[in-house]
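What follows is a short report on a single structure.
Only the coordinates and a few stated rules stand behind these numbers; no lab work does. What you see is a predicted model, and the numbers here were worked out from it, not measured in a lab. We place every Cβ from the backbone using ideal geometry, glycine too, and count neighbours over all the protein chains shown.
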Amino acid sequence: MLEIRNLHARIAEDGTEIIRGLNLTVKAGEVAAIMGPNGSGKSTLSYILSGREDYEVTEGDILYNGESILELDPAERAAKGIFLAFQYPVEIPGVATMQFLKVAMNSQRKARGEDELTTPDFMRRVKEAAAELKINPDMLKRPLNVGFSGGEKKRAEILQMALLEPKLCILDETDSGLDIDALKIVADGVNALKRPDRATVVITHYQRLLDYIVPDTVHVLYKGQIIKSGDKSLALDLEANGYADITGQAA
Ligand code: ADP
Ligand code: MG
Ligand code: MG
């Protein structure tokens, strides 16, 4: 589903190369974890996948279902089913979460050339998704993220992900400010939304998240390259031994 080939990318503003020959393959149905020390380029990779303009790809390619997405803007990528969860959720005062979700779903439908959802259809889908994810719909009456706890922000994010029915989900989770309840919400959401035709890339500094999400594959990103790949046992090795062993080999 996702194939990244010899990707090199730099910061558009000052030309600093951050991604330096990165190769990664993620198959449909797979949950892939990307780990690595701070500053390795994990968040940069997620921004490049989503199509943010602050970064320039100078070499290599990103294939999604066999086709290059490098020329697509973020909205076109989203319309094709690529979903990037937000590391720092925006607060939207005055707009109920429910309304925000409806706008998000309808703009995606529009980009795909589909009709807008009717209100009853929308309500039915929200109720189904909220039930599947065990989210209390009362939260959806409040403005998005305003005064939300860390756990509530994660619930809103996972619900949005479920409603947009993405094919490729990319979640970039920092270790900052995530308590264990919030981690579990993310993990339960990823597990509940696992489908044979969907792939999820979970980027994390936080080995603990992988106590709750069992990844099919684990990749270590260091200095802009994937330097080691393995199964879930690699995450356990990293927890026990840290990154020094493998980053030492790569240096
Ligand atoms: P990680 O998520 O693995 O901690 P990042 O992708 O956030 O790593 O950052 C990788 C490196 O690139 C860091 O050294 C960071 O300071 C730098 N970097 C990323 N984006 C920018 C930017 N827009 N401007 C300046 N430096 C950046
Ligand atoms: Mg960082
Ligand atoms: Mg990061």
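Shape of segment 29-80 from its Cα gyration tensor (a ≥ b ≥ c, root eigenvalues): rounded if a/c is under 1.5, otherwise prolate when a/b > b/c, or oblate? It is oblate, given that a/c is not under 1.5 and a/b is not larger than b/c.
Annotation note: trypsin sites (Lys or Arg not before Pro) in segment 87-142 located in DSSP loop regions with a Cβ neighbour count of at most 13 within 10 Å are Arg112, Lys134. A DSSP coil position with no more than 15 other Cβ atoms inside 10 Å describes the following chymotrypsin sites (Phe, Trp or Tyr not before Pro) in segment 18-90: Phe86. Our analysis of segment 92-152 gives Rg over Rh at 0.99, with the two radii drawn from alpha carbon positions and Rh computed by the Kirkwood formula. Spin-label model, Val95 to Glu76: label points 7 Å out along the Cα-to-beta-carbon direction sit 2.4 nm apart. Among the listed pairs Lys184/Lys228; Lys102/Lys228; Lys102/Lys232, give every one whose C-alpha distance is greater than 30 Å. Flagged as over cut-off: Lys102/Lys228; Lys102/Lys232.
In terms of its Cα atoms, segment 40-169 spans 48, 35, 26 Å along the principal axes, sorted from long to short. Partner lysines whose Cα lies under 17 Å from the Cα of Lys223, excluding those fewer than 8 positions away in the same chain, are identified as Lys42. For segment 118-251, what D do you get in µm² per second when you plug the Kirkwood radius from alpha-carbon pairs into Stokes-Einstein at 4 °C and 1.567 mPa s? Reported coefficient: 79 µm²/s. Projecting the alpha carbon convex hull of segment 2-250 along each direction and taking the average yields 13.4 nm².
Taking 0.36 nm per residue of separation and subtracting the Cα-Cα distance, full extension of the segment from Thr25 to Leu63 would add 12.7 nm.
In sequence order, segment 146-159 has phi-based couplings of 6, x, 5, 6, x, x, 5, 4, 5, 4, 4, 5, 5, 5 Hz under the Karplus curve 6.51 cos²θ - 1.76 cosθ + 1.60, θ = phi - 60°, and Gly or Pro positions carry x.
Which residue fluctuates most in the GNM of the chain (Cα springs below 10 Å): Thr25, Thr119, Thr44? Looking only at Thr25, Thr119, Thr44, the largest GNM fluctuation is found for Thr119.
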